[in-house]
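FYI, it's all coordinate maths here, none of it is from the lab. Keep in mind the model is a prediction, meaning the values are calculated, not measured. Glycine gets a Cβ as well: all are built from the backbone with ideal geometry, and neighbour counts include every protein chain shown.
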Amino acid sequence: MTNPIDTLFNERNATRLMTHVVAGDPDLESSLDLAERMARSGADLIEIQIPFSDPLADGPTIMASNQKALDNGTRPEDCFKMIRRLRERVSVPLLVMTYANIPYRRGGKRFAGECAAAGASGVIIPDLPWDEPLPGLRDALRNRGIHFIHLVSPGMSDDRLKTVLGLASGFLYLTLRVGTTGAASGIEPRGLEFLRKVKSLTRLPVAAGFGVSAPDQVKRLKGRVEAVIIGSHLINLRRGQGVEAVESFLHLCKSSGNGRPRPE
């Protein structure tokens with residue numbers, strides 16, 4: 001069976017939108033509704049985060065969402081149930097995102113089975129380096145047709161980057177800056193230069209994020225990446241203005257992504 005991520009990226013002349021939801025913030029029903037409405041408003045992939053107490057790759061906004069979800073008593077099994085319900089309502093690829101302690105405590109094979117049963121197409125674990133494999137996890141995911149999505153960052157050495165590119169499948173998650181997630185006013189030149197370098201080394205689709213917070217940034221990345229990742233800004237919008245503001249923003253980004261890229 002073809003992975004939905006592969007089907008999505010078969011059309012290379014389109015720039016997709018990938019969004020981020022922390023399961024359980026502000027509660028499970030609200031995060032389920034948010035994810036569903038994201039899909040209806042233009043999100044092509046949705047990353048569902050299983051909350052963790054020490055989300056190392058995340059900035060203040062997503063850290064606060066993790067803490068809110070944990071304070072609500074959100075457990076991994078609750079998140080898998082939410083993803084399964086979402087899978088019944090939307091057709092876009094869903095990705096499970098969390099930190100290594102969760103699959104480690106549950107066991108790699110069990111975690112992979114839970115991802116498959118929930119209908120996930122990919123898994124993202126930012127703090128699990130390629131050279132520190134969690135026993136059984138990667139093989140179990142591969143055997144179930146689920147992509148393990150690798151992150152690449154401007155701070156990587158050339159040797160490490162080339163090794164990761166050789167292992168990656170589905171798409172690459174490229175961070176446009178070194179550090180943690182969070183909305184930013186612009187895209188760093190260093191991030192764009194790293195993007196050009198990665199694109200010269202691989203034919204895998206690239207999804208770029210960390211700092212995207214405006215339709216103009218989406219437009220700037222069109223034609224340079226296969227997907228743009230928006231996370232913290234959407235959480236801030238939902239907190240401050242409600243889900244309707246998230247929907248409006250995604251509609252704007254979708255229309256911006258369909259325009260011509262802004263020249264450098």
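Descriptive notes on the structure:
- For the range 184-231 and the range 138-179, distance of Cα centres in Å: 15 Å
- Label-to-label distance, nm, for residues given as E132 and R160 (7 Å Cα→Cβ offset): 1.1 nm
- Near T74: Cβ cut-off under 12 Å, other residues only, Lys/Arg at +1 and Asp/Glu at -1. The net charge is -3.
- Net charge contributed by nearby residues that have their C-beta within less than 10 Å of L8 (K/R +1, D/E -1): -3
- Rg followed by Dmax, in Å, when the range 4-257 is reduced to its Cα trace: 16.6, 45
- Computed as a quarter of the hull surface, the mean projected area of the alpha carbon convex hull for the range 193-250 stands at 4.2 nm².
- Note on the range 34-97: Cα-only Rg and Dmax are 12.2, 32 Å.
- Taking the square roots of five times each eigenvalue of the Cα gyration tensor of the range 1-121, the equivalent ellipsoid has semi-axes of 23, 17, 14 Å, listed largest first.
- Charge context of D27, other residues only, Cβ under 14 angstrom, K/R +1, D/E -1: +1
- Two-site label geometry, L167 and E193: point separation in nm, points 7 Å out along Cα→Cβ: 2.7 nm
- Put a plus charge on the Cβ of each Lys and Arg, a minus charge on the Cβ of each Asp and Glu, and nothing anywhere else: the dipole of the chain about its Cα centre is then about 680 debye.
- Packing rank of 106-114, 193-201, 121-129, where each peptide gets the mean count of other beta carbons within 10 Å, highest leading: 121-129, 106-114, 193-201
- Computed from backbone phi with θ = phi - 60° and the Karplus coefficients 6.51, -1.76 and 1.60, the 3J(HN,Hα) list for the range 195-211 is 4, 4, 5, 4, 5, 7, 9, 8, 9, 5, x, 10, 10, 10, x, 6, x Hz; x is used for glycine and proline.
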